[in-house]
Amino acid sequence: MTCQVRGVILTAGNCPSPAIQGTVMALPEPRPTEIYYPESDHRPMAETDLHRDLMIESITALKLHFQDDPNVYVSGNLMVYYVEGHPEISVSPDVFVVKGVPNGERRVYKTWEEKAPDITLEMTSRSSHHEDFVKKRALYEQLGVQEYFIFDPQVRRTRPQLVGFRLEGGVYRPLSESRIVEGTQVFYSEVLGLELHGRGKSLRWVDPRTFQRLPVPAELFEQVKEETERAEAERERAEAERKRAEAERERADAEQERADAERERADAEQVRADAERGKAAAERGKAEAERERAETERERAEAEKRAAEAERRRADAAEAELARLREEISRLRGGGA
């Protein structure tokens, strides 16, 4: 059973009540400024903590993966309105991605202003199983959502945990796993170019080009923690290096001061040595003058000695001559007698 609202065909589960239908259809064409589209449907964000965590992990992982693409919008648990003028008709996918629209925050999402999501992901449970597998599947098919995945982290063993659908000719066709690795179901999303791995309570997006899982908040927190610890260790190492360099600089300064003092001492020693040399030179000059004076005195004494010797010889000669004369006189006196 279906109904039609503003030209859009809806499944029975998404049709407003007959009273509302009559009221809505009786309204004149609304002006957007007169209609408020609420941010909440007053329903729980998720059935359990596990469902909430899985939803947040997928949203965060996809947001980070596409953060550099300005034309990919990633969101989840956001009110999506798909019938203009009818704020009572909405859906809130756990995770959805829209390509070809600007990235950025939105209060609500309106398909007539932008476009329908390209891919949706629901974290189903026993209470939401019928809505996810029947009602939302029909709605997403009608809206033209290219791929639809459903994951049940608490599924009974009688059915697979992760299922996928792809739109072909306007109709959803079930997807087969690309592979199953040690019990992990692996589906490939042509829309995102990523793999979706589901097993037990784990649902992870994987980049098939690198085989790396897209990081989730807990891993990002751990990465930030490791980066912080590494940065702190690097800061401490840099601080220790700074202190070592400071100590080395202080040691070099002390060494320079010691060298300056040593140089000043050597300069003083040089001045003293120069003074000593000057004094010694003066002493040598004085001694040389004394020697020269002594030499002169010696030469003078030698000359006086020679003169005295000559005088003595002259005196001896005169004495000898005197004696000869006396003897001659004496002889002459003796011969006359």
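None of the figures in this text is laboratory data; all of them are computed from the coordinates on show. Fair warning: this is a prediction, and the values are worked out from it, not measured in the lab. For neighbour counting, all protein chains shown are included, and Cβ atoms are generated from backbone atoms with ideal geometry for every residue, glycine included.
The table for this structure:
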item	result
Simple Cβ-charge dipole of the chain, Lys/Arg +1 and Asp/Glu -1, about Cα centre, in debye nearest 20	540 debye
Mean Cα-pair separation over length for the chain, i.e. relative contact order, pairs under 8 Å, 6 or more apart, %	10 percent
Value in Å of the Kirkwood radius, where region 271-322 supplies the Cα pairs that are averaged	14.1 Å
Given charges at beta-carbon only (K, R positive; D, E negative), |dipole| of region 38-215 in Debye	540 debye
Least to most buried among Asp152, Asp253 (fewest other Cβ within 10 Å first)	Asp253, Asp152
Amide H contacts of Leu175 (H built 1.01 Å from N, under 5 Å, at least 5 apart or other chain)	Gly164, Phe165, Arg166
Counted charge near Glu297, where neighbours are those whose Cβ lies closer than 11 Å (Asp, Glu -1; Lys, Arg +1)	-2
Separation in nanometres of the label points that stand 7 Å from Cα toward Cβ, at Glu311 and Asp274	5.5 nm
Ellipticity estimate at 222 nm from DSSP helix runs (n ≥ 4, -39,500 (n - 2.57)) divided over the chain, nearest 500	-17000 deg cm²/dmol
Dipole in debye (nearest 20) - region 146-211, about Cα centre, beta carbon charges: Lys, Arg +1; Asp, Glu -1	320 debye
Summed residue charge, Cβ within 12 Å of Glu257's Cβ, Lys/Arg positive, Asp/Glu negative	-3
Solvent-free Debye scattering, log10 I(q)/I(0), computed from the Cα coordinates of the chain at q = 0.14 Å⁻¹	-1.16
Spherically averaged projected area in nm², based on the convex hull that wraps the Cα atoms of region 49-208	9.5 nm²
Positive dipole terminus of the chain, leading residue within Gly183, Thr296, Met55 (C-beta point charges)	Gly183
Proximal lysine pairs, region 38-215, alpha carbons under 26 Å, eight or more residues apart or interchain	15
